[in-house]
Amino acid sequence: MARHPGMRTVRRTAQAEALSADLCVVGSGAAGLSAALEARALGLSVIMVDAAPQLGGQAVNSAIGTICGLYANGMTPGRVTHGVMDPMLAELTASGQATARRARNTLIIDYSVNGWMRWVERQVLATDIMPVTGAVLRAVERQDRRIGTLHLATRWGDLAVTADSFVDASGDAVLSWLAGLDLQQADTDIHGTIMAVFEGVDTDIVNGMPRETYHAAMRARGDEFGLVRHDGFLFPLAEPGKVLANMTHIETPQDPVGLARAGMLGRAQVDGLLALFKAEFPDAFAEARVATYGQPGIRQTRTIEGRSRITVDGVRAGHRPDDAIARCSWPIELHTEMADTHWEVFADDHMHWIPFGAMVPQGLDNVITAGRCIDAEPAALASVRVMGPCFAMGRAAANAAAQVGAGSFHQIDVGALQTAIADNLETTTDDPWTAAFVSERGREADGV
Ligand SMILES: Cc1cc2nc3c(=O)[nH]c(=O)nc-3n(C[C@H](O)[C@H](O)[C@H](O)COP(=O)(O)OP(=O)(O)OC[C@H]3O[C@@H](n4cnc5c(N)ncnc54)[C@H](O)[C@@H]3O)c2cc1C
């Protein structure tokens, strides 16, 4: 057909596009983001892949809103995780997009989801990290114990990625899964949540409301409004009139139809929750609307079979393994019951540790896992999958990748790795806001 002025003919070429780097990080949540930025700073060329259309993982797309596991416990909780967390926290707090508060015998950080997303994007644009978004890892090419090529499906066609080594920060251990390795999964469902932001709320009233007040309303009338969960929290955001609600429970099946339905049922719970609050607390919620429904928040799915496993006994005992690469003191926070969450908060001097061995899949040489799919008993994972330790694991993975070259993560010099990340193991530092909370300990909140 004749060319029309201002138009040209295009036709699909059969060839898949290809990218290559020293390191490919799959997943851009807290763990993957930390791994990618740290690895680039160490001089590696980095590709960061995510199935979602933008970077940030659950920290952004599920509107989590709070960084836990970043501080020690007790009266003077110093920070236990450093690295790329340092500039991020400095920038977000300086711009009013992050603030600290007390909860669960420690400090946590409330952050703006938009602030987090834009910070990440600025870092990626300032480096030559190659962001590959909207790209679902669908197959891996494996030769014996090494992954060679990843095959990604994108809206523009297939993309092949090759790298010397890979960080699996997918949350579901997708590299090990596609490589055909045995993985672990809890026998009991661990529920996820649709987070929601309500706007048009009288936050002064909500701030002054004891949590038990709205928990009692959820217990008494939850059935009427389609709620399955009777606990959780509401807390005010930096923007006036907005509160974040973590008050639903959904199943998180690993199939697309099941998860899509679960997300819809979770959003219906959010609507029911708001209707309940309007009925029970009209002074605070009469004008309220749902501003944001988060993407389905998935707490725990598949975990690798690593060289070692984090156990509940080890967490409770605060056992420090020889190959420790990260630490935290966050409670065991288990979401196995629909109605309520199980919390096991630790004492002031408690610390538990993540071994390097829990990040190394037994059957692969050039893959390291970071984040919520490392090897841990389900209840133990429930104390180390929060974002502070995810950042620390990402940093350890990056430093291991800088060492591994074309070798094996099973042969890493763990002593050298520990030296490279020593401040995540040995040093506890006070942040500028710590003192305020030391003197205000009596006002400690009772929840996240
Ligand atoms: C509802 C909820 C509330 C929580 N509250 C808190 C809290 O208050 N504070 C806190 O610190 N932690 C909280 N957590 C825990 C914390 O958010 C997560 O455990 C943590 O974000 C996990 O980070 P990650 O980097 O391991 O994985 P994720 O953030 O889950 O990122 C994994 C990424 O991998 C990508 N991916 C997966 N499969 C593929 C594939 N096949 N191809 C390409 N990409 C893929 C996904 O798109 C995703 O972006 C909460 C979790 C949930 C679910």
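Values in this text are rule-based calculations from the coordinates and carry no lab data. Treat the numbers as computed from the prediction; the structure is a model and nothing was measured. Note that each Cβ is placed from the backbone with ideal geometry, even for glycine, and that neighbours are counted across all protein chains shown.
Name the most mobile residue of Asp172, Asp50, Asp340, meaning the one with the largest mean-square fluctuation, in a Gaussian network model of the chain with Cα contacts below 10 Å. Comparing Asp172, Asp50, Asp340 in a Gaussian network model of the chain, the most mobile one is Asp340. For the chain, complete DSSP H runs whose alpha carbons reach 30 Å or more along their own long axis and whose mean Kyte-Doolittle score is -1.0 or higher are 256-280.
Only Lys, Arg, Asp and Glu carry charge here, each on its Cβ (+1 for the first two, -1 for the last two); on that basis region 170-218 has a dipole of about 40 debye about its Cα centre. Annotation: amide H-H contacts under 5 Å for Ala291 (H modelled 1.01 Å from N, sequence separation of 5 or more, or interchain): Val197, Phe198, Glu199. When Rg and the Kirkwood Rh are both derived from Cα coordinates, the Rg/Rh ratio for region 127-175 amounts to 0.95. Per residue, the Cα convex hull of region 276-332 amounts to 186 Å³.
Rank these for me by crowding, Asp110, Asp413, going from fewest to most other beta carbons within 10 Å. Please list the in-between numbers first.
On the way: Asp110 19, Asp413 11.
Ascending Cβ contact count within 10 Å gives the list Asp413, Asp110.
Charge dipole (Cα centre; +1 on Lys/Arg Cβ, -1 on Asp/Glu Cβ; no other charges) of region 333-448 amounts to roughly 460 debye. Across the options Val257, Ala160, Ala279, the greatest Cα extent toward the positive end of the charge dipole of the chain (unit charges at beta carbon of Lys, Arg, Asp, Glu) belongs to Ala160.
Per the Kirkwood definition applied to all pairs of different Cα atoms, how many angstroms is the hydrodynamic radius of region 196-293? Computed over region 196-293, the radius equals 13.7 Å.
If you wrap a convex hull around the alpha carbons of region 219-353, what volume per residue comes out, as a whole number of Å³? Don't skip to the end; give the middle numbers.
Details: hull volume 21.8 nm³, N = 135.
Hull volume over Cα atoms, normalised by residue count, gives 162 Å³.
With the highest mean first, a sort of the peptides 389-396, 18-25, 245-252, 183-190 on other beta-carbon atoms found within 10 angstrom per residue produces 389-396, 245-252, 18-25, 183-190.
When the Gaussian network model of the chain links Cα atoms closer than 10 Å, the mean-square fluctuations of Ala406, Ala72, Ala262 top out at Ala406.
The Rg/Rh ratio of region 342-442, with Rg taken over Cα atoms and Rh as the Kirkwood radius over Cα pairs, comes to 1.04. Within region 112-146, the trypsin sites (Lys or Arg not before Pro) that combine a DSSP coil assignment with at most 16 other C-beta atoms in a 10 angstrom radius are Arg145.
Where both partners of a DSSP beta bridge lie in the chain, what percent of those bridges are antiparallel, to the nearest 5? The partial results should precede the final answer.
Details: 48 of 69 bridges.
Approximately 70 percent, going by the DSSP bridge assignments.
What length, rounded to one decimal in nm, is gained on full extension from Arg261 through to Ala90, with 0.36 nm per residue of separation minus their alpha-carbon distance? Intermediate results must be reported in sequence, preceding the final value.
Details: separation 171, 0.36 × 171 = 61.56 nm, distance 3.92 nm.
Here the answer is 57.6 nm.
Per DSSP H run of n ≥ 4, the term is -39500 (n - 2.57); total these for the chain, divide by its residue number, and report the mean residue ellipticity at 222 nm rounded to 500 deg cm²/dmol. Counting only the DSSP helices, I get -8500 deg cm²/dmol. For region 127-139, backbone phi angles converted through the Karplus equation (6.51, -1.76, 1.60; θ = phi - 60°) give residue-by-residue couplings of 10, 9, 4, 8, x, 10, 9, x, 10, 8, 5, 10, 7 Hz, Gly and Pro being listed as x. Rounded to two decimals, the Cα radius of gyration of the chain over 2.2 N^0.38 Å is 0.99.
Largest GNM mean-square fluctuation among Gln58, Gln403, Gln254, using the chain with Cα springs under 10 Å: Gln254.
Work out the length of the dipole vector of the chain about its Cα centre, built from +1 on the beta-carbon of each Lys and Arg and -1 on the beta-carbon of each Asp and Glu, and round it to the nearest 20 debye.
Numbers: 37 positive and 53 negative charges, 263 e Å.
Using Cβ point charges on Lys, Arg, Asp and Glu, the chain gives about 1260 debye.
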